[in-house]
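What follows is one structure encoded as C-alpha cells, with my remarks underneath.
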Amino acid sequence: MPKGYIKLFEEVDMDDVSEVGGKNASLGEMIQAFKNTDIDVPGGFVVTASAYKHFLSQTGLDKYIENELEGLNTHNLENLAKVGLNIRSKIKSTDFPADLKEAIKDAFVKAEKKYGKGADFAVRSSATAEDLPGASFAGEHETFLNVRGERDILVAIKKAMASLFTNRAISYRKDKGFDHLKVYLSVGVQKMVRSDKASSGVIFTLETESGFPDVVIINSSWGLGEMIVQGEVTPDEFLVFKKTSAVIEKKLGVKNKKMIYGKDQPTEIVETTDKERQSFTLSDKEILRLASWAVKIEQHYSKKNKKWTPQDLEWAKDGIDGKLYIIQARPETVHAERDFSVVKEYILQEKGEQLVSGGSVGSKIATGSARIILDPKDIHDFKKGEVLITDMTDPDWEPIMKIAAAIVTDQGGRTSHAAIVSRELGIPAVVGCKDATEKIKNGEAITVDCAGENGIVYKGELKFKIIEHNVKNLPETKTHIMMNIATPSSAFEKSFLPNKGVGLAREEFIIASDIGIHPMALINYHKMPQKIKEEIDKKTFGYSDKTQFYIDKLSFGIAKISAAFYPNPVIVRFSDFKTNEYRSLLGGYLFEPNEENPMIGWRGASRYYCPDFATAFVLEIEAIKIVVNKMGLTNTCVMVPFCRTPEEGRKVLKIMADNGLKRDPSISSGLKAYVMCEIPANVILADEFLDIFDGMSIGSNDLTQLILGIDRDGNEKIRGIANENDQSVKVLISQVIKKCKARGKYIGICGQGPSDYPDFARFLVKEGIDSISLNPDSVIKTIPKIHEQEQRLK
C-alpha cells in the first residue's frame, strides 16, 4: 500500500488534522483516548489529504480548479453555481490514479473482513481546516450513508471529495478567509451504526443559546441523524445538569418522519407511527449515559487544549445490538471564545401584532423585509438585510443565510441546520413555527424577537435597543443582589449577571405558558366535558397520566432556574394566581368563582388547604420533591405567598410535611420554607410567623397597596398618590427587617420597588436587609447605587 494514502482511525489523533481533517482526527483521538472506557466510537479508515492531493496533481485537476476559481465573486450566485458545478462534475468524472485506487480497495477489503461481508459504512468528508475553534464547516460537505461494496465505496469517496466545491463550501471558505487550494479534503469511511432501527441525534456540552456551561443538551429523533441536522423534524430534547448528573428537562418532539435504510436506494424517508410520535426516543438511563460521555469528551479536549473546549457531538443508538455510540465530535465554535463578562441586552421598546412564534435562537432582535423562499433554486431573489422565511434550510441555503437579518422556519428545532448556522452568524432565528410561510406576507416589514422565552415574529419594524454591560466593572456589595425570574428559558442567560441567587422564582409563568391547563381539570380529567378533554389531550400529547404532565412540566421549569443559579439559593414561590388568572387556564372556569376583587380574594395560602384546591397544591409539592430529591438541586427553597395568619402557615406546612416535603433548616442543604411579607398582618405578627417559617421575603407590591389602600391594578387616577417610598410603607418594612435580624432569620425583598425606585433601594440597605431581589434589567444599574449607599454607611 502506498504510504500515507490510507490510515486506520486508531492510527490518527488531533496531531494529524493537517492530514486527515478535524472530523477524522477527532474520531481517532477518541478511539485512542477512550479505548479502555465505556465510550464506544465506531472504527473504519481514512483516505488522507495526501491521497486527495495526489489525486488532483496526478490528473491535472489542481490546475483546472485554479483556473475555474480565478476571479470568482461568490456574491454573484449564478456564476458561483456554474463554477461549482463545473468543478464537481470534473472531479466525479476523473479516474483515481491506479495506486490510490488499489490502496482504497485494499483498505476496504480489510474493513469488510473486520465487520463482515456486505458491511454498511458512512462516507464523510473532513476538510483540513474544518472543525477548528473559530470555524465550523458543519454541513458544508457531503455525507453518504449505508454505502456497501467496493464499487460504491469508490464512488462515494470521489463524491465526498467533489463536495469540497459545493457552492456553499466555496462561499464559506471565501467568508472565513481560507485559500481554496490550501484547504484539502480527507474522507472517513466509518462503520455504520444501525440507528435506522433505533434513534440518533446531536449533543452540545453547553446551553446553545446562552453558552451556559453546566448543562448538556441532547436532541434525539427516530432513525438516522440526518433528519435532525437537516431540520426536517423537531426532535426530542433532553437537558442534563452536569453538577448533579440529573435530567432536568424532557421535551417531546414532533418526530413525524424518520430516515431508514432503503430497499432500492441507500436511504429513504418514511412516516413514524403514532406510538413513535408519542414516545421519547431515549430512556433516562440512556440520556444520562450519553451526557456522562459528553462531559468526559469535553474534559478530554479541554485538558488537551489547556482551555475550555465545549463539544458539538453526534451520537447514534444501534437498534440491533442496543448500544450507544459517539460518531462525531467537533468543538463548539459560537461560545467557546466568548467573553462572558460582556453582557448584551436586547429590549423591545414597543408592542406589535404577533404573526407567528416558535423556538428562539440567538437572544437578539432584528428587523427587515420578509422574503419567502421555498426552493433553494430561487435564492437568487434574496437581498441582503431581508428576513429569510422558509420551510427549513440545509447547507444549500448558506450563501443567502449569511446576508440575512434573521431567519424564520416552519420546521426544525434548536439543533437544526437553521439554528446552528444562525448562531454562528450571530443572527436571530425563530424555528419550528409550523405556518410562518403562510401567515407572513412576502415583502412585508417584520420584527424577529428572540430576546424572550419564545421566538416571536411581529408585524412591522418595531423599535428596540441594545444595552452592553461589562460585569467586571461592577463593585462587590455586602447586600446580596438576587434576581426575580419568571421564565425558565431566560435563567441561563441571566445567570451571567452578578448575583447571589434568585429571590423570587415564579411558578405562574410555567403554569400559564408551559402547562396552560387548570390543575383541577387534569385531576378531574375523566369528568371534563368532551371538548375540554380533547384540548387537554392535545396539550398533554404523550401523557396518559395527565397529572404527571403537570408535575413534570412544573418540575422541569423550576429545575432550569435552580440549575442556572446553582449552588446559590433559588427561592421558589408556590403558585399565586388570582381567581381571574386561574379562570383563564383551560378548564379554569369550572373551578374558579367570579370575585369582585381577586387581589384580596381566594389566593395564596388560603387555596392550599382548601378542599377545592388542596389536591392541586399536592402536585406542586411533588414537583418540588423531584427538583430537590431526584435532581439534587438542594439550593431550591420554597416560599408561601399571601399567608394571612400564622394558623394558615401551620396548615400549609403540615400539608407539605404530610406529603413528604419537610423543612430542615438545621443543615445548609436542608429545605428552607419562607413566607412572603406582603400583608400588614405579616409585620404586626412577625414573631408568630417567624416561629414557624425560616424567614421572610417582602413583597413590596402587595404590601404597599394594602397599607395605602391602593389597588395596584386599578384606577389610574389614584395610582400616583403614593408608592413604596411612602413613609407608612417604610415604617412597616423597617419594623419587619429589625424583627428578622433579631431572630437570626432571613429577610429579603422581591417586590418591584427596588428596581423602580433607587431611593427605596438605598433605604433598604440602610435598614440592613440581607438581600434585594431585582428584575434582571435593573441589576446592572442598581448595583453601583447600592454599593455607594454601603460606602456612605461605613
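The figures follow:
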| item | result |
| --- | --- |
| Whole-percent pair-distance distribution, where bins are 10 Å wide, for the alpha carbons of region 421-565 | 9, 26, 30, 24, 10, 1 |
| Computed over region 367-411: relative contact order in percent, which uses C-alpha pairs under 8 Å that are six or more apart | 41 |
| Region 623-779, dipole about Cα centre (Lys/Arg Cβ +1, Asp/Glu Cβ -1), debye to the nearest 20 | 520 |
| Per-pair calculated FRET efficiency, R0 = 51 Å: Lys531 and Ser341 via Cβ, rounded to 0.05 | 0.45 |
| Mean Cβ count within 10 Å, highest first, over the residues of peptides 58-65, 400-407, 319-326 | 400-407, 319-326, 58-65 |
| log10 of Debye I(q)/I(0), alpha-carbon scatterers only, for region 1-138 at 0.12, 0.13, 0.18 Å⁻¹ | -0.60, -0.70, -1.16 |
| Neighbour net charge for Lys384 - beta-carbon separation under 11 angstrom, K R +1, D E -1 | +2 |
| Prolate/oblate/rounded call for region 320-412, Cα gyration tensor, a/c under 1.5 rounded | oblate |
| Nearest-10 value in Å² for the accessible area of Glu647, using the 1.4 Å probe | 90 |
| Three principal axis lengths of region 415-507 [C-alpha, angstrom, descending] | 55, 31, 27 |
| Computed label-point distance, nm, for sites Glu66 and Thr273 using a 7 Å Cα→Cβ extension | 5.9 |
| Distribution of pairwise C-alpha distances over region 530-634, 10 Å bins, in % | 13, 38, 35, 14, 1 |
| Angle in degrees between helix 77-93 and the longest Cα principal axis of the chain, rounded to the nearest 10 | 50 |
| Environment charge at Ile269 (Cβ cut-off 12 Å; Lys +1, Arg +1, Asp -1, Glu -1) | -3 |
| Net charge of Cβ neighbours under 9 Å - reference Asp694; Lys, Arg +1; Asp, Glu -1 | +3 |
| Whether region 101-244 is rounded, prolate or oblate, judged on the alpha carbon gyration tensor where a/c under 1.5 counts as rounded | oblate |
| Dipole magnitude of region 480-565 about its Cα centre (Cβ charges: Lys, Arg +1; Asp, Glu -1), debye to nearest 20 | 60 |
| Dipole-positive endmost among Leu206, Thr547, Thr579 within the chain (Cβ charges, Cα centre) | Leu206 |
| Cα-Cα over 29 Å, subset of Lys258/Lys434; Lys285/Lys500; Lys465/Lys560 | Lys285/Lys500 |
| Accessible surface of region 1-90, 1.4 Å probe, proportion on carbon and sulfur as whole % | 42 |
| Listed residues Thr447, Met259, Val47: farthest to the positive end of the dipole of the chain (Cβ charges) | Val47 |
| Antiparallel bridges, percent of DSSP beta bridges restricted to the chain (to nearest 5) | 65 |
| Degrees, to the nearest 10: 614-625 long Cα axis against longest axis of the chain | 50 |
| The chain: calculated mean residue ellipticity at 222 nm from DSSP helix runs of at least 4, using -39500 (n - 2.57) | -10500 deg cm²/dmol |
| Per residue, in Å², the accessible surface of the chain once ligands and nucleic acids are set aside, probe 1.4 Å | 40 |
| Charged-residue dipole, Cβ positions (Lys, Arg, Asp, Glu), region 428-536 about Cα centre, Debye nearest 20 | 200 |
| Where N is the number of residues in region 281-366, Cα Rg divided by 2.2 N^0.38 Å | 1.56 |
| Calculated FRET efficiency for the pair Ile467/Asp726, C-beta based, R₀ 41 Å, to 0.05 | 0.85 |
| Farthest positive-ward along the chain dipole, Cα basis, beta-carbon charges - from Thr273, Val83, Met696 | Met696 |
| Using alpha-carbon coordinates, inclination of helix 49-59 to the longest axis of the chain, degrees | 40 |
| Reciprocal of mean inverse Cα separation for the chain (Kirkwood radius, Å) | 28.8 |
| Too-long pairs where the Cα-Cα distance tops 28 Å, listed order kept, from Lys494/Lys651; Lys242/Lys553; Lys243/Lys494 | Lys494/Lys651 |
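The values are calculated or read from the model by the stated rules, or taken from the named source; none is laboratory data. Computed from a predicted model, the values in this text were never measured in an experiment. A quick note on method: Cβ atoms are made from the backbone with ideal geometry, for glycine too, and the neighbour counts reach across all protein chains shown. Side chains are part of the model used for accessible areas, which takes the heavy atoms of the whole protein and leaves out ligands, DNA and RNA. Shrake-Rupley method; radii C 1.70, N 1.55, O 1.52, S 1.80 Å.
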